[in-house]
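Below is one structure; the comments refer to it alone.
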Amino acid sequence: MAVAETVAEAVAKTIRLDDITQVFPGRLGTKVVAVDHVSFELKSDTPRIASLVGASGSGKSTIARILLGLQRPTSGQVTYQGKDVGSLSRSEYTTYRRDVQPVFQDPYAIFNPFYRVDRIFWKAIRNFKLAHGRAAGMNKIEESLEAVRLRPGEVLGRYAHQLSGGQRQRLMLARVHMLQPSFVIADEPVSMLDAQVRRHFLDIMIDFQQTYGMTTLFITHDLSTVAYVGGDMMTIYKGQIVEQGTVKEVMTHPSHAYTKLLIDSVPTPDPNDRWKTRVELKDGVPRIVPIET
Ligand SMILES: Nc1ncnc2c1ncn2[C@@H]1O[C@H](COP(=O)(O)OP(=O)(O)OP(=O)(O)O)[C@@H](O)[C@H]1O
Ligand SMILES: [Mg+2]
């Protein structure tokens, strides 16, 4: 049995949301339209980071779950390589599950408290036949840990609660590195990290895009991180994509009132410094600058 090739280096991949609507039952018989006729696609042939920016409750996580196949939309279609995700064959579904990888906000919830963190890697190796035998598997794990600048001796053999939030989140990135997907769906991956660890994480995410060609949907409510990673952005407002373009274009000429408001009220990770910074363009590049008082 051959070791599966890395997915990202194979043919160009496309995942597409087509007119997706998600309705949830609300309170007292009402309905919540979490996602309202959303269409966009992610393509692997021109690897990009696309940020999805919006306030709490605007439908970001619902879109992430739909892309990951964790939620069937009320209407509309999700296609992977032109085929409805719901009707993929078994082997196509395995490829899709490897090729579209999540990184969630709270990595603590991903780890089973009763097992050492090593288990997430061995499971991935087994499920996707990434290596044969213990030595080859261990090599692969160490290589991926090093790619996210974690020392194997610091993290292997430990339980999730014995690690820092930043280490747990980088373990998830190491798992992504090991699987080499075409797409990464990162739902608020840095919201729980402090400023320095946050930057470190974003740098690895940018490195994955540039070095391995991973196309990333980066979900956030924080425009300063969008300015930092660059690429493309979409603004979501009450379940609808109200604006999209390159980060540079949108931040220079925001057309939707909500994007303007976001740009004017960029919070910073430091709670004492909240609302005292804003995004401004310097030589055409968005930067975070303090508001002069
Ligand atoms: N399983 C569910 N059942 C009922 N309502 C839901 C469910 N999941 C999400 N919702 C509702 O759908 C809307 C969108 O939720 P979603 O989690 O996608 O927002 P979000 O943009 O990710 O918010 P946040 O920034 O707080 O994470 C919200 O009104 C939410 O309450
Ligand atoms: Mg969310």
- Task: For the chain, with all protein chains present and a 1.4 Å probe, just round the carbon and sulfur fraction of the accessible area to a whole percent.
- Result: 50
- Label point 7 Å beyond Cα of Ser56 along Cβ direction - residues of segment 97-111 with amide nitrogen under 14 Å: none
- Task: Return the percentage of antiparallel bridges among DSSP beta bridges fully within the chain, rounded to the nearest 5 %.
- Result: 60
- Of the peptides 212-218, 42-48, how do they stack up when ordered by the mean number of other Cβ atoms within 10 Å, highest first? 212-218, 42-48
- Query: Which whole-number percent is the relative contact order of the chain (Cα, under 8 Å, 6+ apart)?
  - Reply: 23
- Task: Lys and Arg at +1, Asp and Glu at -1: add these up for the other residues within a Cβ distance under 14 Å of Leu202 and post the number.
- Result: -1
- Note on the structure: Rounded to the nearest 500, the 222 nm mean residue ellipticity computed for the chain from DSSP H runs (n ≥ 4, each -39500 (n - 2.57)) alone is -10000 deg cm²/dmol
- Item | Between helix 133-147 and the chain: long-axis angle, C-alpha atoms, 0 to 90°, nearest 10 | 30
- How high is the FRET efficiency between Val23 and Asp264 when r is their beta carbon distance and R₀ equals 35 Å, given to the nearest 0.05? 0.65
- Send over a whole-number figure in Å² for the accessible area per residue of the chain, probe 1.4 Å. 50
- Query: Projected area of the chain, taken from the Cα convex hull and averaged over every viewing direction, in nm²?
  - Reply: 17.5
- Message: Show me the ranking of peptides 95-102, 157-164, 75-82 by mean Cβ neighbours inside 10 Å, starting with the highest.
- Response: 95-102, 75-82, 157-164
- Message: Tell me the angle of helix 165-179 to the major Cα principal axis of the chain, expressed in degrees between 0 and 90 and rounded to the nearest ten.
- Response: 60
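Between Ala257 and Thr46, what FRET efficiency follows from the Cβ-Cβ distance if R0 is 25 Å, with the result rounded to 0.05?
Rounded to the nearest 0.05, the efficiency is 0.25.
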- Message: Report the number of Lys pairs in segment 14-290 whose alpha-carbons are under 18 Å apart, with separation of 8 or more residues or on distinct chains.
- Response: 11
- Query: Within segment 95-118, whose backbone N sits under 16 Å from a point 7 Å along Cα→Cβ of Tyr159?
  - Reply: 108-118
- Task: Consider a paramagnetic label point 7 Å from the Cα of Thr74 along Cα→Cβ; state which residues of segment 224-252 have an amide N under 15 Å from it.
- Result: 238-240
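The values are calculated or read from the model by the stated rules, or taken from the named source; none is laboratory data. Only a predicted model underlies this, so the values are computations on that prediction, with no experimental measurement involved. We place every Cβ from the backbone using ideal geometry, glycine too, and count neighbours over all the protein chains shown. Side chains are part of the model used for accessible areas, which takes the heavy atoms of the whole protein and leaves out ligands, DNA and RNA. Shrake-Rupley method; radii C 1.70, N 1.55, O 1.52, S 1.80 Å.
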